[in-house]
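The values are calculated or read from the model by the stated rules, or taken from the named source; none is laboratory data. Keep in mind it's a predicted model, so treat the numbers as computed, not measured. Cβ sites come from the backbone with ideal geometry, for glycine too, and all protein chains shown count toward neighbours. Areas reflect the complete protein model, heavy atoms only, side chains present, ligands, DNA and RNA absent. Shrake-Rupley method; radii C 1.70, N 1.55, O 1.52, S 1.80 Å.
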Amino acid sequence: MISQKTLTYSLIPFKGMIYLCLLLAGVIYFKIWKKTPHKSYIAMRKLFVLSDGRFNDCISTIQKIRHPKYTNIIPNGILGNLSNENIKSIAAQIKKDGYFISSQKLDQNTIDRIIYFSKNTPLSHLKISSQEHQILSDKKSLFNSKIPLSPIYRFNMQQIYENSDLLDLILDQSLLSVAQEYLGCSPVLDLYSLWWSAPFNGKGTSEAAQEFHFDMDHIKFLKIFIYLTDVNTNNGPHCYVKKSHIRKPKSLLSEGRKSDEFIQSHYPKSCIHELCAPKGTIIFADTRGFHKGKALNEGNRLLFQIEFSNSLFGENYKKVKYKHDYQHSNLNKLLKKYPRTYSQIFTEVSSQR
């Protein structure tokens, strides 16, 4: 008789081949239509789990060859005037621990303007259901900190793009230089988000990503979080399991949310960090490592996130409408200078061609 364990292990190579075929078919489709078929995206996630990330590491090596790093980035921005040594040091810290907290902070005037925008602009709230997926309401309303409708209120990418302060952060060259060094190739800006978090009596923690999990939206990626409010242990710090972005215990190699207790049974307390910090704090994180936003007990949290990846193959995100008459000092110049980096975010508006 063949044991269940032996049978399971014998099926892994077979499953891997099926997923690999689905992924390769998706790559061909992606090259033609610039979108990833859902089955191919799922296959990519399955290959990550089956290989404990080794498959993604292999493809990332290929991406370094296919898309060499830019040589003309001037790394000035909110991180200061970075030297090549500074950039390498930050990237090395992320590679070692999975995250890095910058000593440089976003200035108070910019924070005040973004908060004013965030409190006076209607946005969607997260629908609470039994699913882990984030589904937003069609109806938009102002964030109500006293009587929240949901644990999460989220702005769409078009709203963010049309705010000049947020666009400055999206285009910041010091952030781009760190992302490039970490990814090892010319990066692609694939996503940016701005959202309010609020206490919600323990409801919606899964939908709001307030339980431990790992991300796998693209082959390799780096997220940049900017706290726009003071964050302490009670109002939703980003939590990260140090070094979990490299390899994971076999019992944790499955998709889905993980309880605090389950994570604590596999990692020492010294590796599970709550990243409490004042407003303006800038955090880099490779979220293929285990992480969560801690559920809020009090107060509110406003967070801005930017994501760079080494390939757009994976999760499909909507592009924002590029406006030719949008007066931004760097936008048009950077679109021409780094077409690969900003190819996903900006698209032409047909009526303005």
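At a glance:
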{"quantity": "Identity of the residue in segment 62-78, free of Cβ contacts under 8 Å to residues at least 40 places away in the same chain and not in a loop (DSSP other than H, G, I, E, B), that ends up least open to solvent (accessible area, probe 1.4 Å)", "calculated": "I62"}
{"quantity": "Single residue of segment 79-108 satisfying the filter (small (G, A, S) and within 16 Å of F225 (Cα to Cα)) that is surrounded by the fewest Cβ atoms within 10 Å (Cβ to Cβ)", "calculated": "S103"}
{"quantity": "Meets criteria (at pLDDT 80 or above and either open to solvent by 40 Å² or more (accessible area, probe 1.4 Å) or within 24 Å of the chain's Cα centre (by Cα) (or both)) for E307", "calculated": "yes"}
{"quantity": "Residues within segment 292-304 that are open to solvent by 10 Å² or more (accessible area, probe 1.4 Å) and part of a strand (DSSP E or B), tallied", "calculated": "3"}
{"quantity": "Matching residues, segment 208-219, being at pLDDT below 90 and surrounded by fewer than 22 Cβ atoms within 10 Å (Cβ to Cβ)", "calculated": "A209"}
{"quantity": "L142, sole failed condition from (1) open to solvent by less than 10 Å² (accessible area, probe 1.4 Å); (2) without any contact (Cβ under 8 Å) to a residue 60 or more places away in the chain; (3) of a type in the set (A, V, I, L, M, F, W, C)", "calculated": "(1)"}
{"quantity": "Any hit, segment 176-196, residues being open to solvent by 10 Å² or more (accessible area, probe 1.4 Å), out of contact with any Cys (no Cβ under 6 Å at 6 or more places or on another chain), part of a loop (DSSP other than H, G, I, E, B) and farther than 22 Å from G98 by Cβ", "calculated": "no"}
{"quantity": "Residue identified as open to solvent by 50 Å² or more (accessible area, probe 1.4 Å), among the aliphatic types (A, V, I, L, M) and over 22 Å from F200 (Cβ atoms) among I246, I282", "calculated": "I246"}
